[in-house]
There are 2 protein chains.
Amino acid sequence: MPAPIQFHFDFSSPYGYIGAEKIEALAARHGRGVDWHPMLLGVAFRTTGSQPLTTIPLKGDYTKHDVPRSARFHDVALVMPSKFPIATQAPARIVLWQRERDAWRCGALVKTLYRAYFVDDRDIGDPDIAADVAATTGLDREAARAAIDDPAWKDALRREVEAAMAKGVFGSPFVFVPRGEGHDPGEPFWGSDRFDQIDRWLAKGGF
Amino acid sequence: MPAPIQFHFDFSSPYGYIGAEKIEALAARHGRGVDWHPMLLGVAFRTTGSQPLTTIPLKGDYTKHDVPRSARFHDVALVMPSKFPIATQAPARIVLWQRERDAWRCGALVKTLYRAYFVDDRDIGDPDIAADVAATTGLDREAARAAIDDPAWKDALRREVEAAMAKGVFGSPFVFVPRGEGHDPGEPFWGSDRFDQIDRWLAKGGF
């Protein structure tokens, strides 16, 4: 089986959520799996000088209009959360913890956490809520809750974010299609609006 | 005939160029024309706190890779100019001057100026070069050159940019699909990567 697609995302990113809902079907059409990489956009924003989209003059108003419209366009259920943006260390650490235990079930976990935030308006930035939501996928609630405060998983998330930025990740979603050339991170695609390009790239091996 | 699509762009924007190459065919499929609105992104950046994409850490490197790839994806000829970005007052004023004289020929003028910059590497920010290029579309070279320095057209461009920002324009390309509701500017779409949404919006009258 060819190398999986690398999917980087922040749980506070609505376009990341839309992308997470679409990436597995896109990858599967080309016989690929998906590796899930939680990201902290706030760290990247310190390097790029950016800030949460909705807080930027002009761009913020547009984004609040574009997000629900893009969700409708892609047939993804979405209700902008009452608290936005949120800090996403808690759900990100649960994903890293679960990824090491059972990478195959990561996709279901990521989508369940994302939907709790972007459909059911639950503040998954709260460690207790993140653990509650994760438990609905069959995970051990107390073990997931403990992972959030565990220095080992805090450190793992720090390293994950550093590694992503070293590969060039600065937004969400951010996808790499492996090119199979050693340590090359792959062909980079930023945004849920590059999925048409990813599709053609996978079909033709480049363009 | 239904109201034309409003196309806002900056001559220094590669995604604006890609959009300019595609918008007329997209509009024509739905029986629409295109109104051309030159923009000065630098003015908008003072409001949004942004800067030219290629100068931003991480995002700059990605953009330099994404621009030529997106041009190939959309089958548009593009060579990144040796001088980038450029000030675009000169070509913008020629477009406003020509728009008042003969709006129907604006599309050909915009695309000729854009191609001079993004295919032939000519610095259309230079007033003499902008006038030379405009003359290849049949315009009076000296009259076009004079318009660039004419206070009336300087003022017209200032008003054009202010009006665009009052409608919410902050990037390039920026498209409005008129909804026919009085003074409403229309449904806004930012980026050459929203053309699939524009297409569906025009086909279905919204979604």
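Every number here is computed from the coordinates shown, using simple stated rules; none is lab data. Please read all numbers here as calculations on a predicted model, not as lab measurements. FYI the Cβ positions are ideal-geometry reconstructions off the backbone, even for glycines, and counts take in every protein chain you see.
Under a 10 Å cutoff between Cα atoms, tell me which one of A:Arg93, A:Arg101, A:Arg145 has the largest fluctuation in the Gaussian network model of chain A.
A:Arg101
Just name one of B:Ala108, B:Leu139, B:Ile198: the one whose Cα is farthest towards the positive end of the charge dipole of chain B (beta-carbon charges, Lys/Arg +1, Asp/Glu -1).
Sorting the options by dipole projection puts first B:Ile198.
To the nearest 20 debye, what charge dipole does region B:68-207 have about its Cα centre, counting +1 at the Cβ of each Lys and Arg and -1 at the Cβ of each Asp and Glu? The partial results should precede the final answer.
Numbers: 20 positive and 22 negative charges, 67 e Å.
Its charge dipole is roughly 320 debye.
Give the percent of DSSP beta bridges with both residues in the protein assembly as shown that are antiparallel, rounded to the nearest 5. Write out the running numbers ahead of the final one.
Numbers: 14 of 24 bridges.
Of those bridges, close to 60 percent are antiparallel.
Taking a label point 7 Å out from Cα toward Cβ, give me the nm distances from A:Pro151 to the same spot in the other copies, shortest first, one decimal.
7.1
Which one, B:Val34, B:Ser12, A:Ala90, projects farthest toward the positive side of the charge dipole computed for the protein assembly as shown from Cβ point charges (K/R +1, D/E -1)?
B:Val34
From the cross-link list A:Lys64/B:Lys154; A:Lys83/A:Lys154; A:Lys59/B:Lys64, which pairs have alpha carbons spaced over 27 Å apart?
Listed pairs above 27 Å: A:Lys64/B:Lys154.
At 7 angstrom along the Cα-to-beta-carbon line, where would the label on B:His65 sit relative to the other copies? Give the distances in nm, shortest first.
3.3
In whole angstrom, note down how far apart the Cα centers of region A:1-73 and region B:34-60 are.
Between the Cα centre of region A:1-73 and that of region B:34-60, the gap is 22 Å.
Given the options B:Pro173, B:Pro57, B:Pro68, state which has the largest fluctuation in a GNM of chain B using a 10 Å cut-off (strictly under) for Cα springs.
Looking only at B:Pro173, B:Pro57, B:Pro68, the biggest GNM fluctuation is shown by B:Pro57.
To the nearest 20 debye, what is the magnitude of the charge dipole of region A:1-114 about its Cα centre, counting +1 on the Cβ of each Lys and Arg and -1 on the Cβ of each Asp and Glu? Let's see the in-between values first.
Details: 14 positive and 9 negative charges, 13 e Å.
Its charge dipole is roughly 60 debye.
Given the C-alpha centroids of region B:128-207 and region A:89-152, what is the distance between them in whole angstrom?
Cα centroid to Cα centroid, the span is 46 Å.
Using a label point 7 angstrom from Cα along Cα-to-C-beta, what distances in nm, from shortest up, separate A:Asp196 from the other copies?
0.6
When Lys and Arg each count +1 and Asp and Glu each count -1, what net charge do the other residues less than 15 Å away from A:Tyr117, Cβ to Cβ, add up to?
-4
Hey, what number do you get for the protein assembly as shown at 222 nm if only DSSP H runs of n ≥ 4 count, each worth -39500 (n - 2.57), divided across all residues, to the nearest 500?
One gets -16500 deg cm²/dmol as the mean residue ellipticity at 222 nm.
With the contact rule set at Cα under 8 Å and sequence spacing of 6 or more, what percent relative contact order holds for chain A?
Working: 303 pairs, mean separation 58.9, N = 207.
Contact order relative to length: 28 percent.
Most fluctuating residue of B:Phe118, B:Phe174, B:Phe195 in a GNM of chain B with Cα springs under 10 Å: which is it?
Between B:Phe118, B:Phe174, B:Phe195, it is B:Phe195 that shows the largest mean-square fluctuation.
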